[in-house]
Amino acid sequence: MTTNGPRLFDLPLRRLLDDVAARTPDPAGGPVCAIVLGFAAALVVMSARFSGGTWNGAEQAAAQAEALRARVELLAVEDGRAYADVLAALRLPREPDAGERERALALALGRAAEVPLELAGLAAEAAELAVEVAERGNRNLRGDATTAASLAAASARAAANLVAINLAGRGADRRVELAAAAAARAAAAAERALALPG
């Protein structure tokens, strides 16, 4: 049974973990990246909301992180659809026209790379927003903002890897570089957050 649909983010946590651990193709790496990024964005929202009395930009930071979180939920659903298209292409017969199957698979994998590419970019935004909250917001929430930056960086790195996997064997594809650059931005932001004094 697929849970990577509109209700993915409505599942109780234990059920979600069980579904990820099940011997089924869905949910898998893409939705998990989205979920981790959703947690990172939620931590940014919370940290920013607690910073309203000490930082003028807190409300805007919380709103940005909320918007990011909402987009991430939609991407988890889109990833499931894209992955279903890849599985459908893999089920196409190899005979009589193996070329048709390969073209369908290449097209599906190319589309499947778009979701983790966007996730990587959003994760970089979340990590950079988290470090801003860690630097300027309520110092009592610095650990939460730093955790958000670290989670976003992990999500970005994993999403960039999924882009590379989906596009492997296609020759040079700019999307691999774009995803890697987003992951590097997220990692740099996380390092900045981790370097802040306690």
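Do we have Ala179 as in contact with a helix residue (DSSP H, G or I) (Cβ under 9 Å, 6 or more places away or on another chain), buried (at least 21 other Cβ atoms within 10 Å of the Cβ), closer than 30 Å to Leu90 by Cβ and not hydroxyl-bearing (Ser, Thr, Tyr) here? Criteria met by Ala179. On inspection, Val176 fails the criterion of being β-branched (Val, Ile, Thr), in contact with a Lys or Arg (Cβ under 8 Å, 6 or more places away or on another chain) and either assigned to a helix (DSSP H, G or I) or farther than 18 Å from Met46 by Cα (or both). Note on the range 54-109: residues that are without any contact (Cβ under 8 Å) to a residue 40 or more places away in the chain, in a loop (DSSP other than H, G, I, E, B) and either under 15 Å from Leu122 (Cβ atoms) or of a type outside the set (Lys, Arg) (or both) amount to 6. With respect to the stated conditions, Leu74 is modelled with pLDDT under 95, within 29 Å of Val163 (Cβ to Cβ) and not charged (D, E, K, R). Criterion first (more than 30 Å from Asn140 (Cβ to Cβ) and either modelled with pLDDT of 95 or more or hydroxyl-bearing (Ser, Thr, Tyr) (or both)) does Pro116 satisfy it? Taking the combined requirement at face value, the residue satisfies it.
The values are calculated or read from the model by the stated rules, or taken from the named source; none is laboratory data. As the structure is a prediction and not an experimental result, all values here were calculated from the model. In this analysis, Cβ positions are derived from the backbone assuming ideal geometry, glycine residues included, and neighbour counts consider all displayed protein chains.
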